[in-house]
Amino acid sequence: MKGYLQEGYMLATCTAAGEGAVNMYGLMQRLKADQYQGYLSLELHMKDEYQDETLERSLDFINKFWLAK
């Protein structure tokens, strides 16, 4: 399973921002509506071989959303 991670007894599938169970679109909308000017942070908790691709997709999602009018 791509992006699969096991830590202790917890099993998870890690995805790029905007592709998982978290409502990233809603979160970004709220930050934009509140005129947030701070930092955003991404944490890539996944196998090393998927980190570059996932980071690229995450940044693409954030940049497209953040720069949209």
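The values are calculated or read from the model by the stated rules, or taken from the named source; none is laboratory data. Since we're looking at a predicted model, the values are computed, not measured. Note: ideal-geometry Cβ built from the backbone for every residue, glycine included; neighbour counts use all protein chains shown. Note: accessible area is taken over every heavy atom of the protein model, side chains too, but ligands, DNA and RNA are not part of it. Shrake-Rupley method; radii C 1.70, N 1.55, O 1.52, S 1.80 Å.
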Subject >> Those residues of the range 54-68 which are more than 11 Å from the chain's Cα centre (by Cα) and either touching a residue at least 12 places away in the same chain (Cβ under 8 Å) or part of a loop (DSSP other than H, G, I, E, B) (or both), in sequence order >> reply: Phe65, Trp66, Ala68
Original post:
Limited to the range 21-43, what total is found for residues that are open to solvent by less than 50 Å² (accessible area, probe 1.4 Å) and within 12 Å of the chain's Cα centre (by Cα)?
Top reply: 2
Original post:
When residues of the range 44-69 are filtered for being open to solvent by 70 Å² or more (accessible area, probe 1.4 Å) and aromatic (Phe, Trp, Tyr), how many remain?
Top reply: 1
